[in-house]
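For reference, the structure discussed in these notes is given below.
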Amino acid sequence: MLDLINSAVMAVADLLFGWLLRLPVGLALALVAVGTGSVITFARPFTTNQDLLRRCDADKRRLKELTREAKAREDKAAVRRYRLTQNMIGMTKMKQEGLPLLAAILPIALLGTWCFHRLAFVPPKAGETVAVTAHFPVSAIGDLAHLVPQAGLREAGGADAGGGARWIREIVKDPDPKTGAALGGVATWRVQAEGRDAPYVLQIRYGSFTARKELRVGQRIYAREIELCGADRPVQGVQIGMRPVKFLGLVPGIRPLHMPPWLVAYFLIAIPSVSLVKRAAKIH
């Protein structure tokens, strides 16, 4: 059910924003972030009392002037009154902020979902080495897993004694970085693929179970990074190692907050853009 909803959302989002994928990824991300700020800003004339907000801003400017004058003549009582009045105006303005955010939730959710699926990673290119990692329960450590060969796909981890590709991997411990205890088992292949319009469907076999994971190569879009099979399955999930998008090649992610680089750049652009668009459009 969730996959169907996600597919429907992405179909609409691709129709609206798919043209951005023809642009450099940094420019596309910047345009989406500014677009987010614009959505929030242009919702304000329909959801707020603009005359009230305009008068509030004018009153705050005048109160700042009066506060400076009161400080100059060392009138502490007047300074306290002006600050109290400023706080009251601030509360009045704050009450106007709820509806614009509520009105913008749906389009922002659409933009955010599209970014997550289209601008979070650099799509793999033809011939690029990509890590394919399958995750297993701890009980599978020491067993063997098999990535099924297919046309257009080669395993680049090295050749065996017979000259063939190493499609069979031993499942090894996935250690906890702090304690070293096994979190599970993993098997990793390093694959290279020819570019094509149709996605590859990777098949990883362990015992009688086969896990499937889509891989797109040489396209403007990438496949989902992780395909979860279920914690109770012999193969719990399959992950594709792709390069994360970094705005201008510089903006990093914030690991403690689980924020990938694209999301950090998105907020760094979107938040200031609200003020800039408001000033440019003269919206309060």
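The values are calculated or read from the model by the stated rules, or taken from the named source; none is laboratory data. Everything quoted here is computed from the prediction, not taken from an experiment. Note that each Cβ is placed from the backbone with ideal geometry, even for glycine, and that neighbours are counted across all protein chains shown. Only protein heavy atoms, including side chains, enter the accessible area calculation; ligands, DNA and RNA are left aside. Shrake-Rupley method; radii C 1.70, N 1.55, O 1.52, S 1.80 Å.
Per residue, the accessible area of segment 8-77 comes to 59 Å² when a 1.4 Å probe rolls over the protein heavy atoms.
What you get for segment 83-201, charging only the Cβ of Lys and Arg (+1) and of Asp and Glu (-1), is a dipole of about 620 debye around the Cα centre. Pairs of Lys residues in segment 1-110, spaced 8 or more positions apart or belonging to different chains, with C-alpha separations under 20 angstrom: 6 in total. Estimated at the nearest 10 Å², the accessible area of ILE5 is 90 Å² with a 1.4 Å probe. Relative to the longest principal axis of the Cα atoms of the chain, helix 98-118 runs at roughly 30 degrees.
Need one word for segment 143-270: rounded, prolate or oblate. Basis is the Cα gyration tensor (sqrt eigenvalues a ≥ b ≥ c); a/c below 1.5 gives rounded, then a/b vs b/c decides. Oblate.
The convex hull around the C-alpha trace of segment 167-227, projected and averaged over every direction, spans 5.6 square nanometres. Residues considered: VAL130, VAL32, VAL79. Largest GNM mean-square fluctuation over the chain, using C-alpha springs under 10 Å, is found at VAL79. Looking at the P(r) of segment 133-215, how many percent of alpha-carbon pairs lie beyond 14 Å? Value for segment 133-215: 65 percent of Cα pairs lie more than 14 Å apart. For the chain, a Gaussian network of Cα nodes joined below 10 Å ranks ILE226, ILE271, ILE254 by mean-square fluctuation, and the top entry is ILE254. When the solvent-accessible area of segment 79-188 is split by element, carbon and sulfur atoms take up 63 percent of it, the probe being 1.4 Å. Within the same chain, lysines fewer than 8 places from LYS213 are excluded, and of the rest, those with a Cα less than 29 Å from its Cα are LYS125, LYS173, LYS246.
Of PRO177, PRO100, PRO137, the residue with the greatest mean-square motion in the GNM of the chain, using alpha carbon springs below 10 Å, is PRO177.
In what order, largest first, do CYS115, CYS229 sit by accessible area if the probe radius is 1.4 Å?
Listed by decreasing accessible area, they come as CYS229, CYS115.
If eta is 1.306 mPa s and T is 10 °C, what Stokes-Einstein diffusion coefficient results for the chain, Kirkwood Rh from Cα pairs, in µm²/s? The partial results should precede the final answer.
Values: Rh = 23.1 Å.
Reported coefficient: 69 µm²/s.
Applying 1/(1 + (r/R0)^6) with R0 = 51 Å to the Cβ-Cβ distance of LEU276 and VAL148 gives a FRET efficiency near 0.45.
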